[in-house]
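Worksheet for the structure shown next.
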Amino acid sequence: MAALAAVGAAAGAGLLVFASTPSGTPDAVAVSAAIDARHPGRPVPRSFNGLSFELTSLREIARLWRSGNMVELLRSLGPGVLRFGGASADTRIAWTDAATPLPQWASAGLEARDLRELKRLAERSGWRVLLTIGLAHFDARAAAREAVAAKAALGGTLAGFELGNEPNSYAEHGLRTLPWRFPQYAGEARTYWRVIAKAAPGIPLLGPDVSGSRIFKRWGRGEARRLHPAVLTAHHYPLGCLQVPAPTIEALLSPHVRGLETVSVRRFMAVAHASAIPFRLDETNTVSCGGARGISDTFASALWATDYIARAMAAGMAGVNLHGNPANCAGYTPLCAPTPERLLSGKLRAQPEWYALLLDMALIGDRPVRTIVSEQGRGNLDLTALQSGDGRLHVVVVDDDPPEDPPTVLSLNVGRRFGAASLLALTAPSPAAESGVKLGGRTVAGDGRWHQPAALPQSPNHRGIVKVQLAPSSAMLITLASTQGKRQ
């Protein structure tokens, strides 16, 4: 009772305290956490959600407005950003028109008609387009023609241009000779941007689109000083395809990886804060090089994505784009088609990561609030909290412990200013499951829609205490509605 009294006092002082208490569940994991809602951060942008694709996929994706479920899938997340780039933007596909023949190095061409098709998808879904213009094969005149055509074709759906994909690695891949560092890149990028801005004024520049936070510390600062982008961008993959030991589900969901990600997020945001330029993680997923079967296509990827996206929101990122290949269901991708015929007809399948996007969608517009979690007895669990403009508190809890571990029991001491908590659970048979993923007990329908249950499970507020149980290898969105009206 003395412990509960202390918890209640803290809540009355402006801290919402989550404390584990006995509940009759054998061996339940004890977790305690405090949430300081007195100084919320900036709201999560409406266009936070994003998908990323190889530029070589643009043509097949653009035409998905004609048939299938792509439009409904995108609408189910609200407004977002479709980014087209990846390694193919520099190595496999090039702009072509009457004045620009397809160069010998390119195996595919991008044309104005492709962009006009893409505009229809963007308009019908409410999403915007971020387009990468290749820099590795330097041709400023062709870049200017591409920019003019993109502006004319995409109009208001064009969110901006990026110049090259991971330009920091050009020398490593034989696309530049040494020395190749930021000054050399900046000279080429500035030449590109001058001709693009003159030919197609008014379109934002985003960059430097580099691989990882360590590189971004140097290149991001230089980009901010010398190129003045509207948004800073970079990539993140928690596991590498060539790493030793090889990637595993256990590694992806480990506290060690989560700790490394916390450091990388801080690096990204330190540059953004110092330059007063927003930061967007425009390409990310589980394992580099297209993903790893048995990891990237499993429920483990959904647990990772749910947690990482929520933490990115709380850190103040402008958005996150999950990279994917709609033709490869065995790699990393939020959406895919199991056969070429289904891809041609636009009948896409929601992969596990799509459910993470659906869960975290509730946080759009919320303001992050500080969380303080006790290490004692917490297991492999992470918690992120945000508060909406009408006073609701959203708490995303992800338990990455294996299925055979005991559940987590939380007693949420929130005081009397919140009503009952609604519980939206993200579950699957196991972290290795490739199917059977459910959000709120439901799957995404064939038409691309996910229907939230009319009535979610509730946990009552009994004298200021809300008790919640979370199964291992699952995630949950806990929503607490304020009983005191709208908060400013």
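The values are calculated or read from the model by the stated rules, or taken from the named source; none is laboratory data. Keep in mind that this is a model prediction, so the values were computed, not measured. Here the Cβ positions follow ideal geometry from the backbone for every residue, glycine too, while neighbour counts run over all protein chains shown.
For the reader, a short list of remarks on this structure follows.
- Those residues of the stretch 384-400 which are buried (at least 19 other Cβ atoms within 10 Å of the Cβ) and more than 26 Å from Val444 (Cβ to Cβ), in sequence order: Ala385, Gln387, Leu393
A quick yes/no check of all residues on (1) buried (at least 22 other Cβ atoms within 10 Å of the Cβ); (2) of a type outside the set (Gly, Ala, Ser); (3) assigned to a strand (DSSP E or B):
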{"residue": "Leu77", "(1), (2), (3)": "yes, yes, no"}
{"residue": "Ala89", "(1), (2), (3)": "yes, no, no"}
{"residue": "Ala94", "(1), (2), (3)": "yes, no, yes"}
{"residue": "Pro103", "(1), (2), (3)": "no, yes, no"}
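Every residue, every condition in (1) buried (at least 24 other Cβ atoms within 10 Å of the Cβ); (2) on the phi < 0 side of the Ramachandran plot; (3) among the aliphatic types (A, V, I, L, M); (4) at pLDDT 95 or above, yes or no:
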| position | (1), (2), (3), (4) |
| --- | --- |
| Gly202 | no, no, no, yes |
| Asp209 | yes, no, no, yes |
| Gly212 | no, no, no, yes |
| Phe216 | yes, yes, no, yes |
| Arg221 | no, yes, no, yes |
| Ala224 | no, yes, yes, yes |
| Val231 | no, yes, yes, yes |
| His235 | yes, yes, no, yes |
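- Total residues in the stretch 88-104 satisfying the condition of being out of contact with any helix residue (DSSP H, G or I) (no Cβ under 8 Å at 6 or more places or on another chain) and among the hydrophobic types (A, V, I, L, M, F, W, C): the figure is 2.
- Tally, over the stretch 140-161, of residues that are in a helix (DSSP H, G or I), out of contact with any helix residue (DSSP H, G or I) (no Cβ under 6 Å at 6 or more places or on another chain) and over 14 Å from Ala94 (Cβ atoms): 4
Every residue, every condition in (1) crowded, with 19+ Cβ neighbours inside 10 Å; (2) among the polar types (S, T, N, Q), yes or no:
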site	(1), (2)
Gln243	no, yes
Pro247	yes, no
Pro255	no, no
Arg280	yes, no
Thr284	yes, yes
Cys289	no, no
Gly294	no, no
Phe299	yes, no
Ala305	yes, no
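- For the stretch 415-439, the set of residues classified as of a type in the set (Lys, Arg) and either closer than 17 Å to Gln458 by Cα or in contact with a Leu (Cβ under 6 Å, 6 or more places away or on another chain) (or both) consists of Arg416, Arg417, listed by residue number.
- Exactly one residue out of Leu386, Leu322, Leu348, Leu357 is assigned by TED's automatic domain parsing to the domain that holds Met476 and either at pLDDT 95 or above or within 17 Å of the chain's Cα centre (by Cα) (or both): that is Leu386.
- Contacts under 6 angstrom Cβ, first residue in the stretch 159-186 being closer than 24 Å to Asn49 by Cβ, partner at pLDDT 95 or above and of a type in the set (Lys, Arg), 6 or more apart: Ala159/Arg128
- Members of the stretch 240-256 that are closer than 15 Å to Thr284 by Cβ and either touching a helix residue (DSSP H, G or I) at 6+ places or on another chain (Cβ under 6 Å) or of a type in the set (D, E, K, R) (or both): Leu252
- On the stretch given as the stretch 190-215, residues that are closer than 21 Å to Asn168 by Cβ, touching a strand residue (DSSP E or B) at 6+ places or on another chain (Cβ under 8 Å) and β-branched (Val, Ile, Thr) total 3.
- Qualifying position, being part of a loop (DSSP other than H, G, I, E, B), over 24 Å from Glu250 (Cβ atoms) and free of Cβ contacts under 8 Å to residues at least 24 places away in the same chain, among Pro326, Pro338: Pro338
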